[in-house]
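Each remark here refers to the structure printed beneath this line.
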Amino acid sequence: MRSNNKKLFSKAKHYLVGGVDSPVRSFRYAGCRPLLIKSGRGSKIYDYDGNVYSDYVLSWGASILGHARADIAAGLKERIGFGINFGTTNEPEVELAEIIHQAVPFVDKIRFVNSGTEAVMSAIRLARGVTKRDKILKFENSYHGSADFLLLKGGSGLSSLKIAASAGVPDNFLKDTLVAPYGNIELVKEVFKKYAAQIAAVIVEPVGGNHGVIPLNRGFLLGLRKITKETRSLLIFDEVITGFRFGFGTVASLIGIKPDLICLGKIIGGGLPVGAYGGSSKIMNHLAPLGKVYQASTFSGNPIVMQAGLGTLKALKKLKNDYARLDKLTEHLALGLRRITQTKKVQLKIEYCGSMFSIKFNEKKHFQKFYKKLLDQGVYFAPSEFEANFLSFAHTAKDIEDTLVAAEKALDKV
């Protein structure tokens, strides 16, 4: 009998490009048929054939509380009874802005949008409007969304597909995007020697999550803060992935560095489409309707999304002392994987930071074998070595032990 998953994916390929709405969902890098997920609860997800998986993708990091949490679902059910969207300011929108400000005090004002890409695009437009400069500096293997001018030497899906930029992006769109190696402050200084008067902003992920996990480098980030202050460029932290993942707030707040602008997403929407950017009133008041930098959206501040985000952040505030437990579980998993690879004498690199981790084999074919065997045992890792994996507050010590057992069996097949 043909499986429900196969039937649904066959139908999807008739109507969706490649059967997916985002390339990494195709599982092409993993070399296997993609998962199609019907439901989730806690740390587990279920496909259309009833198979169960321990989920370490978590909607690409957004579902930090796990799936189908009762209090979040109840809040959404109540909120949706009032209507879906009105295109006006609403109470959950204001309350979500307030709780973000309380957690990240240097964000005086915030603007909600619909995705991380939109947040980054808008923050860079704002930086250019404030500084009256055109160029931006980003770093190799850093992914800041799918805007044309940011796809140069990006990580994430671009790394999986082995392309430096996308077809359809005119060279002229990239002329004001400068790229430097991450972590080398001396090379950044060289870029600024040549272009300082033209650089509107430097954008950086404080913890990289789109070329595998790139751990925190506070010294480098401090160097960026010093250079941007000296040259009157703006420093933008892209914390779409990391915001509220390492603690109740941002990495910027945790390490004591105040960027000029910060971009948020994923977790602040509780799994619904969201993005946001914020900073001081002095900078943010350059936005229309107060200033001359235009940005607008029909669905920004959608009350359903705002309710999901508000419920999530309220829950995280209560759990703020439990982040250490989440980090310990991740460390236990990462070190356990390292121990197994040493025992099996397999060339596998495991990086982790907070509740994020990634794996990279020396050869792609080894990842593919490992990945398929993990899926067979009900463990769902990101289907590319260039994507990060995540833990949620719903994960337990038993989940980790079961995953390590599955990983050991999978590595026997590599």
Counting other beta carbons within 10 Å of each residue's own, what order do 328, 194 fall into, fewest first?
194, 328
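How big is the Cα convex hull of the chain in projection, averaged over all directions, in nm²?
20.6
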Under the definition of Cα pairs under 8 Å and six or more residues apart, what whole-number percent is the relative contact order of segment 239-336?
25
Please report, in whole Å³, the volume per residue of the convex hull around the C-alpha atoms of segment 236-343.
139
Between 0 and 90°, nearest 10: helix 116-131 axis offset from the chain longest Cα axis:
20
Identify the trypsin sites (Lys or Arg not before Pro) of segment 344-414 meeting these criteria: DSSP loop state and at most 16 other C-beta atoms within 10 Å of the C-beta.
345, 413
Towards the positive end of the charge dipole of the chain, with charges on Cβ (+1 Lys, Arg; -1 Asp, Glu), say which of 122, 285, 371 has the farthest Cα.
371
So for R0 = 56 Å, FRET eff. of residue 402-residue 108 from the Cβ-Cβ r, to 0.05, ends up at 0.80
Sites residue 8 and residue 68, calculated FRET efficiency, Cβ-Cβ separation with R0 22 Å, nearest 0.05:
0.60
Taking r as the C-beta separation of residue 346 and residue 173 and R0 as 45 Å, the FRET efficiency to the nearest 0.05 is 0.60
May I ask for log10 I(q)/I(0) of segment 102-254 at q = 0.15, 0.20 Å⁻¹, from a Debye sum over the Cα atoms as equal point scatterers with solvent left out?
-0.79, -1.49
If you put +1 on each Lys and Arg Cβ and -1 on each Asp and Glu Cβ, how big is the dipole of segment 302-360 around its Cα centre, in Debye rounded to 20?
180
Give 365/413; 372/413; 349/369; 132/292; 109/258; 258/292 a once-over and call out the pairs whose C-alpha atoms are over 19 Å from each other.
258/292
186, 385 arranged by Cβ crowding within 10 Å, fewest neighbours leading
186, 385
Net lengthening on full extension, residue 17/residue 364 (0.36 nm per residue, minus Cα-Cα):
122.5 nm
Could you order the peptides 312-323, 76-87, 230-241 from most to least packed, using the average number of other C-beta atoms within 10 Å per residue?
230-241, 312-323, 76-87
What is the Å³ per residue value for the convex hull set by the Cα atoms of segment 294-344?
159
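Find the Rg to Rh ratio for segment 29-153, where Rh is the Kirkwood radius over alpha-carbon pairs and Rg uses the same atoms. Can you show the working numbers first?
Values: Rg = 19.2 Å, Rh = 18.6 Å.
Here Rg/Rh amounts to 1.03.
Values in this text are rule-based calculations from the coordinates and carry no lab data. Just so we're clear, the structure is a prediction, and the values are computed from it rather than from any experiment. Neighbour counts are summed over all protein chains in view; Cβ atoms, including those assigned to glycine, are modelled from backbone coordinates with ideal geometry.
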